[in-house]
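Step one of this worksheet: look at the structure below.
The values are calculated or read from the model by the stated rules, or taken from the named source; none is laboratory data. Keep in mind the model is a prediction, meaning the values are calculated, not measured. Neighbour counts are summed over all protein chains in view; Cβ atoms, including those assigned to glycine, are modelled from backbone coordinates with ideal geometry. When the accessible area is computed, the model is the full protein with side chains, heavy atoms only, and any ligands, DNA or RNA have been set aside. Shrake-Rupley method; radii C 1.70, N 1.55, O 1.52, S 1.80 Å.
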Amino acid sequence: MSPSKSRLRNLTILVGSTTMMLATAGLAPALPGMAAAFQDVPNAGLLVRVLLTLPALSGAAAAPFAGLLMDWWGRKPVIVVSLLLFGLAGSAGFVLDSLTGILISRLLLGLAAAGLASGFLTLVADYFTGARLNQFLGYLGAFAGFAGVVFQFLSGALADIGWRFPFLLHLVAFVILLGVLLAIDEPRTRAQAQPQSTALERIAFPFTAIGLIYAVALLGIGAVFVLIVYLPFYLTSQAGVSNSQVGLALSLQALPAGFIALQYPRLRTQLSVQAIAAVTFLALGSSLLVAALTSSYALVVAGLLLGGIGLGLLPPNLIAWLAVVAPPASRGRAVGGLNTALFLGQFLSPLLTQPLMEQVGTAGSFGVVGALCLLMAVVVYALG
């Protein structure tokens with residue numbers, strides 16, 4: 001592969017890996033305006049909150065099948081079909097007039113996001129190994145962080161124009177599709193090169209170790225989405241906080257996420273994946289506790305910057321952890337299961353915390369979830 005094609009391939013993977021974040025969190029600054037637009041619909045407030053994470057529900061259901069499909073059909077075909085669906089379903093909210101129609105389009109978006117998340121993450125594990133894998137995972141986390149700044153800022157600015165406009169961000173899928181068609185080659189996995197090893201690898205599939213990874217993924221991303229879902233309402237209830245300021249606050253969290261992700265290869269030489277997972281929960285819990293203790297916009301932003309450390313460490317550490325323990329012949333399915341855990345954490349986060357919000361309020365809920373994150377930091381470190 002020529003150097004220019006290799007660079008385009010890597011850039012395509014980096015940009016494509018941000019689609020999962022765009023599908024679930026990209027509309028957060030538009031939620032208050034959307035809730036106001038559909039205020040006559042029964043349970044509109046809850047439905048709009050669920051709308052943000054609804055792609056995670058269909059994504060959780062589809063991710064295992066996406067992994068199986070990749071192992072059987074190939075990585076590239078799954079990614080191409082998923083990008084087409086992502087662009088069409090994701091932008092449909094710009095023209096749809098009913099909340100029901102938007103909810104259905106978000107379900108379809110989740111199917112596409114499952115294929116893309118599984119496809120691009122599996123390509124990373126296919127193309128890179130060892131120190132090069134850790135280095136690229138650092139780039140991946142950093143790019144996701146900086147892309148989060150762009151997506152959230154643009155979403156907030158577009159939401160100030162009108163709540164429909166952030167849906168147009170999903171059209172980036174067609175730009176990514178061009179890169180896939182030009183630069184992505186179907187990888188030759190070890191399962192294809194050594195088919196006689198497949199049976200042995202299936203027997204040795206480490207269910208317990210991978211189950212722990214999935215639990216960390218579900219709980220970690222669930223904590224992240226407590227802030228993403230509820231912080232826009234929490235901040236806009238304060239006088240003078242606009243949608244663009246909400247988008248700015250959420251985007252600033254991605255800055256330290258990007259910088260800390262670039263340090264991931266160096267951290268992996270000093271710390272185990274379990275220790276890094278403990279640091280992740282410590283940072284996320286501290287961020288939630290800051291939000292619980294103050295309603296000041298400036299202090300909440302400071303807490304988000306702290307939480308960005310956890311946000312930057314979570315994705316690369318999960319992938320590195322999985323790449324170590326998952327047999328190559330089953331890598332697509334293992335990544336599919338990881339994405340199921342991530343999608344489930346996103347979807348269940350607002351549903352499980354809504355009763356808590358009704359009992360102790362938003363600030364109290366931030367405190368409870370933050371304390372649980374600190375407890376998880378201790379548990380994961382002890383297991384390590």
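Among the residues that make up region 291-307, is at least one of them over 14 Å from Gly370 (Cβ atoms), open to solvent by less than 30 Å² (accessible area, probe 1.4 Å) and of a type outside the set (A, V, I, L, M)? Within region 291-307, not a single residue is over 14 Å from Gly370 (Cβ atoms), open to solvent by less than 30 Å² (accessible area, probe 1.4 Å) and of a type outside the set (A, V, I, L, M).
For region 15-41, the set of residues classified as assigned to a loop (DSSP other than H, G, I, E, B) and hydroxyl-bearing (Ser, Thr, Tyr) consists of Ser17, Thr18, listed by residue number. Taking region 42-64 only, how many residues are open to solvent by 50 Å² or more (accessible area, probe 1.4 Å), touching a residue at least 12 places away in the same chain (Cβ under 8 Å) and either part of a loop (DSSP other than H, G, I, E, B) or closer than 12 Å to Ile102 by Cβ (or both)? Qualifying residue count, region 42-64: 1. Answer yes or no as to whether Gly67 is surrounded by 24 or more Cβ atoms within 10 Å (Cβ to Cβ), in contact with a His (Cβ under 9 Å, 6 or more places away or on another chain), at negative phi and assigned to a helix (DSSP H, G or I). Taking the combined requirement at face value, the residue does not satisfy it.
Scanning region 240-264 for residues that are hydroxyl-bearing (Ser, Thr, Tyr), open to solvent by less than 30 Å² (accessible area, probe 1.4 Å) and modelled with pLDDT under 80 returns a single hit, Ser251.
Considering each of Phe167, Phe143 in turn, give the residue that is of a type outside the set (D, E, K, R) and at pLDDT below 90. The unique qualifying residue is Phe143.
This table checks each residue for (1) assigned to a helix (DSSP H, G or I); (2) under 18 Å from Met20 (Cβ atoms).
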site	(1), (2)
Phe86	yes, yes
Leu103	yes, no
Ala112	yes, yes
Ala117	yes, yes
Leu123	yes, yes
Phe143	yes, yes
Ser155	yes, yes
Leu158	yes, no
Trp163	no, no
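Being within 29 Å of Thr236 (Cα to Cα), touching a residue at least 60 places away in the same chain (Cβ under 8 Å), buried (at least 16 other Cβ atoms within 10 Å of the Cβ) and of a type outside the set (A, V, I, L, M, F, W, C) is the requirement here; does Thr12 meet it? Criteria not met by Thr12.
Screening Leu178 on (1) of a type outside the set (D, E, K, R); (2) touching a Ser or Thr at 6+ places or on another chain (Cβ under 6 Å); (3) at pLDDT 80 or above shows it passes everything except condition (2). Glu358 meets all of the listed conditions (1) over 23 Å from Pro206 (Cβ atoms); (2) of a type in the set (D, E, K, R); (3) surrounded by 16 or more Cβ atoms within 10 Å (Cβ to Cβ) but one, namely (3).
Scanning for something at pLDDT below 90, in a helix (DSSP H, G or I) and open to solvent by 70 Å² or more (accessible area, probe 1.4 Å), does region 208-224 turn up at least one residue? Taking every residue of region 208-224 in turn, at least one turns out to be at pLDDT below 90, in a helix (DSSP H, G or I) and open to solvent by 70 Å² or more (accessible area, probe 1.4 Å). Taking region 115-132 as the range and being open to solvent by 20 Å² or more (accessible area, probe 1.4 Å) and touching a helix residue (DSSP H, G or I) at 6+ places or on another chain (Cβ under 6 Å) as the test, only Leu121 passes. Looking at Ser82, Ser17, Ser91, just one residue is surrounded by 24 or more Cβ atoms within 10 Å (Cβ to Cβ), modelled with pLDDT of 90 or more and of a type in the set (S, T, N, Q), and that residue is Ser82.
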